[in-house]
Amino acid sequence: MNKIDRIRPSRRSLLKGAGALVVGFHLAPKGALAQAAATPAQTPEINAWVVVHPDDRIVLRMARSEMGQGTRTGLCQMIAEELHCDWSRIETEYVTPGQSLARNRAWGNFLTAGSQGIRQSQDYVRRGGAAARIMLIEAAASQWGVPAAECSARDSVVTHAPTGRTLRYGQLAAAAARLTPPNPVPLKDPREWTVIGQSKPRLDTAAKTTGALVYGADLKMPGMLVAVPRRCPVFGGRVKSFDAAAVRNRPGVRHVLAVGENAVAVVADTFWQAKTALDALPVEWDGGENARVSSATIDARLTEGLDAAEAFVGNSQGDARAAIAGAARKVEAVYSYPFQNHAPMEPMNATVVWTPQRCDVWCPTQNGEAALVAASQAAGLPQQQCDIHRMDLGGGFGRRTTHDWLADAVLIARQVPGVPIKTMWTREEDMVQGRYHPVTKCKLTAGLDANGEVTGLHMRISGQSILSFVFPNALQNGRDPVQFQGLNASGAESAIGYTFPNLLIDHAMRNTHVPPHFWRGVNHNQNAIYLECFLDEVAHATNQDPLALRRKLMANHPKHRAVLDAVAERIGWGGPLPAGVQGRGIAQQMGFGSYVAAAAEVSVSPRGELTIHRIVAATDCGVAVNPKQIEMQVEGSFVYGLSALLYGECTVKDGAIEQTNFDTYNVLRLAEMPKVETIVMPSGGFWGGVGEPTIMVAAPAVLNAIFAATGKRIRSVPLKDQDLRRA
Amino acid sequence: MVPPSRGEQRVSGREHAIAMTRLNVNGRLVEVNADPDTPLLWAIRDHVGLTGTKYGCGIAACGACTVHIDGQPIRSCATLLSAVSETQKIVTIEGLSPDGNHPIQRAWRELDVPQCGFCQSGMIMAAAALLAEKPQPTDADIDEAMTNICRCGTYNRVRAGIHAAVRGRTSG
Ligand code: FES
Ligand code: FES
């Protein structure tokens, strides 16, 4: 298994690194992992983050995964802020969930989702850096026989100011490692930060420009075979039969396997051999009852939910129903949002070596710990005899927080003991076996008084609940609290930005057999469209300026209003339109702990072709760790959100997803990309997320701009087949 | 016809025959033992062993597999091994420059263009081919040439990176 070590050179050298400071934790050499697992954790988890080599290389450990969102760099900035190390000598490595398990979860949560890679780790990784610095200074002080208070550290060098003596971290590592970690560990005042808040270049860019970065899909091991699987295209269906003999003798084919109840796989020497053999394999599927489900039947079910008597309440103030019933005037509209695939550029894959004693998996995952649980279950082995070796992700967007693909890969490898098996999905499999953005509809009804002021708002959501499929235990008496993202009465995570005299937001849960999942932005994506576009409708119905109407309702929500004001000002709201622009739209929302707003400028040609000229985004994420990374995340989230708005739709026929590749599931391309201006306005005092929040305002801002440009109110996503010509 | 390397493997008929093809990849002559119907992408990845070129769709829709053949950007997932001869020069991301310092690669690093990076080999190869053809591309040229898919959303930085590469090259 030498190849594996070559992929992770820093781990290899770490394992050998005698004299290295491994704060509070010694990585066991390979083969002795089981022994390490037997040693109980004794040190607090804040001490597990930093390794200093004698040659001054600094290795920082990561529990969260890098999937392009810059978490690696951000986490290093937070540790380095306290560690006072030489930034140019920083390397990173992934800890494995198996190591963490053996150390009583020394590295905390591995989940990299919900825009929390930074904000949920910031406290303990900073303390990890600070603890290591304190120990290094103490080691120097005791070597010199001076008080530690006379010493300071900078760029991996400890200096004794009175005498000018210096020692490098690498020289101090071994001694520091023997010291007792400090307790408590003080942190710097944010006003003293010099690394956090800087636009540090990414630590991992170079390998992404030369093809050198090894992704899971690129793994090679001696004797490795490649498996290409196919599941019953109807979710919940099964394999009735398959004729292995028909393809067994094709070149390179080694095994033709059943995978659980619902899938088959061909294992061959190469991907192409396996894939073409799989294409030629006769398989009979049994889709069962679900084979009768179509987009039309799902839509009918959701439509029924819009007026159903029973619904879970998410936010209720006053008596909205009565206010609407007694209103002088009503505005009502029905919106809808489709299934969408995550479609990360790197299709699902995992490489597995299974023996009756042990199961090791190499894969891109957004949650190492959940991957370990999935591997252990599929392997039929305790977690202590399994481990997950993470690779950087070729995109995640939520798809890689769940591990159906990993479990199947283990089930395949189990049938070929001792042989490394790389299971790789085709794009087609990735498209039809996704975990989809949930499908919902929403009926919004506003009651207005004689002056056109909103007296009551009822927002009835009907459709799929993610939690009921993914974490049914997290339901609250059947109610899915995540359904109300951005619509909650209060809270630090995703509170509504308006106060209505009477308000009712409720959810008629209508689940389908298509598995839903967290998808970048999650339920904010539709909730923001529903509320922000409908408010726009109310504004136009009552001859009010959309910004003015919102501001009136936002008196008690200054942070929401501040970001909205910022984009309105930057785009020149109310002022003349630049040449070529026909309309502007705005939207705001709070999610993942951050306040965001967007303003868009669009035009629609006489033939109905949409051009998005410019989007201004504002984000108040409390603390901005790396403004440039935030800009990149905002741009990226807009591409993802606009792809969803323009093209994103998976439809169901005979129980299966109809879109099979990027030809039928199109995404935004460079030529369609608007100019993006990002206003980063951290107001301090809280840690909001960055990866997702702005996605939720992209679509409603553009939809509102389309209305401004054309008078056409678009109430369903995507736009691709809709007539956008002037009303 | 070259016999398959492993004894237990049988060649079942013409349509799945394994043959030896010679390719010129990054200036090196390599021999590939594979079905001539294998897409060039998989010959490069699984036989030549260069994995910088990525599989994203397999139907010429995403550009992740872009390589140069005689300087032209092509989508290697939709180019059969049998369609390439050893006189044609194939260049992959690994061979774009000897030291990773092609102007596009330098600009990409300067601007931190990649996010997850999975599409970026293809992006860089497409951008390098564009620059070779049009040393001073306009935004419209970029729109037309850069049809690769990036799910992370690096498009605006890709555009800026191409312009920066032009500047970097002209300013020496
Ligand atoms: S893999 Fe070739 S274009 Fe997508
Ligand atoms: S950088 Fe991730 S797909 Fe382009």
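The values are calculated or read from the model by the stated rules, or taken from the named source; none is laboratory data. Please read all numbers here as calculations on a predicted model, not as lab measurements. When we count neighbours, we look across all protein chains shown, and the Cβ atoms used for this are built from the backbone with ideal geometry, even at glycine. The area values use the complete protein model at the heavy-atom level, side chains included, leaving out ligands, DNA and RNA. Shrake-Rupley method; radii C 1.70, N 1.55, O 1.52, S 1.80 Å.
Among A:Ala206, A:Ser241, A:Ala291, flag the residue with its Cα farthest along the positive direction of the charge dipole of region A:194-321, charges on Cβ as +1 for Lys/Arg and -1 for Asp/Glu. Of A:Ala206, A:Ser241, A:Ala291, it is A:Ala206.
Placing unit charges on C-beta atoms (Lys and Arg positive, Asp and Glu negative, everything else neutral), compute the dipole magnitude of the protein assembly as shown about its Cα centre in debye, rounded to 20. Numbers along the way, then the final one.
Details: 91 positive and 83 negative charges, 233 e Å.
It comes to approximately 1120 debye.
Using only atoms on other chains, find how many Cβ atoms lie within 10 Å of each Cβ of peptide A:671-677 and report the average. Provide the component values of the computation, followed by the final result.
Working: counts 10, 2, 8, 2, 2, 3, 0.
So the per-residue partner count for this stretch is 4.
For the pair A:Arg329 and A:Asp123, a Förster radius of 51 Å applied to the C-beta separation gives a FRET efficiency near 0.50, rounded to the nearest 0.05.
How big is the B-A contact in terms of buried accessible area, both chains counted, 1.4 Å probe, rounded to the nearest 100 Å²? Show your work: numbers first, answer last.
Values: alone 9430 and 27280 Å², together 31770 Å².
Between B and A, the summed buried area is about 4900 Å².
Spacing of the modelled spin labels on A:Ser142 and A:Ala555, each 7 Å from Cα toward Cβ, amounts to 6.4 nm. Packing here is the average count of other Cβ atoms within 10 Å per residue, and on that basis the peptides A:695-704, A:716-725, A:382-391, B:150-159, highest first, run A:695-704, B:150-159, A:382-391, A:716-725.
Can you tell me the equivalent ellipsoid semi-axes for region A:453-604? Use √(5λ) from the Cα gyration tensor, largest first, whole Å.
Values: eigenvalues 180, 59, 43 Å².
In descending order, the three semi-axes are 30, 17, 15 Å.
In region B:85-102, whose amide N lies under 18 Å from the spot 7 Å out along Cα-to-Cβ of B:Arg22? List them in ranges. The answer is B:85-91, whose backbone nitrogens lie closer than 18 Å to the label point. For the protein assembly as shown, the share of accessible area belonging to carbon and sulfur comes to 50 percent (1.4 Å probe, ligands and nucleic acids excluded). Listed by number, the DSSP H helices of chain B that run 15 Å or longer by alpha-carbon position along their axis and have mean Kyte hydropathy of at least 1.0 are B:120-133.
Given R₀ = 35 Å, what would the calculated FRET efficiency be for B:Leu80 paired with A:Glu289, taking r from the Cβ atoms and rounding to 0.05? Before the final figure, lay out the partial values.
Numbers: r = 42 Å, r/R0 = 1.21.
Efficiency, rounded to the nearest 0.05: 0.25.
Counting only heavy atoms of protein chains, what accessible area per residue, in Å², does region B:19-95 have with a probe of 1.4 Å? Intermediate results must be reported in sequence, preceding the final value.
On the way: 2720 Å² over 77 residues.
Counting only protein heavy atoms, the per-residue value for region B:19-95 is 35 Å².
Packing-wise, with mean Cβ within 10 Å as the measure, how do A:130-139, A:540-549, B:84-93 rank, highest first? Please list the in-between numbers first.
Values: A:130-139: 25.7, A:540-549: 15.8, B:84-93: 18.3.
Ranking, from highest mean packing down: A:130-139, B:84-93, A:540-549.
Applying 1/(1 + (r/R0)^6) with R0 = 30 Å to the Cβ-Cβ distance of B:Gln88 and A:Ala244 gives a FRET efficiency near 0.20. Each peptide in A:600-606, A:342-348, A:317-323, A:294-300 receives the mean, over its residues, of other Cβ atoms within 10 Å, and ordering these scores from highest gives A:342-348, A:600-606, A:317-323, A:294-300. Let me test this: with uniform point scatterers at the alpha carbons of chain A, what is the Debye-based log₁₀ I(q)/I(0) at q = 0.07, 0.10 1/Å? For the requested q values the scattering log ratios are -0.54, -1.03. Please report, to two decimal places, log10 I(q)/I(0) for region B:103-171 at q = 0.17, 0.20 Å⁻¹ as given by the Debye formula with identical point scatterers on the Cα atoms and no solvent. Those come out to -0.50, -0.70, one per q.
Taken one residue at a time, the phi angles of region A:227-240 give Karplus couplings (6.51, -1.76, 1.60, θ = phi - 60°) of 10, 10, x, 9, 9, 3, x, 8, 4, x, x, 9, 7, 8 Hz. Gly and Pro are set to x.
With θ taken as phi - 60° and the Karplus curve 6.51 cos²θ - 1.76 cosθ + 1.60 applied, the whole-hertz 3J(HN,Hα) list for region B:25-40 is 10, 6, x, 10, 7, 10, 9, 10, 9, 7, 4, x, 7, 5, x, 3 Hz, x standing for glycine and proline.
In this label model, A:Ala322 and A:Trp193 are separated by 4.8 nm, measuring between points 7 Å along each Cα→Cβ vector. For chain B, the fraction of alpha-carbon pairs lying more than 27 Å apart is 29 percent, rounded to a whole number. The charge dipole of region A:127-185, taken about its Cα centre with unit charges on the Cβ of Lys, Arg, Asp and Glu (plus for the first two, minus for the last two), comes to roughly 120 debye.
Note on B:53-66: average number of Cβ atoms from other chains within 10 Å of each residue's Cβ is 6.
Relative to the current alpha-carbon distance between A:Thr651 and A:Arg725, full extension at 0.36 nm per residue lengthens the span by 24.2 nm.
In the structure shown, the pairs A:Lys275/A:Lys422; A:Lys208/A:Lys422; A:Lys675/A:Lys712; A:Lys628/A:Lys675 are assessed against 19 Å; a Cα-Cα span above that value is assigned to A:Lys208/A:Lys422; A:Lys675/A:Lys712.
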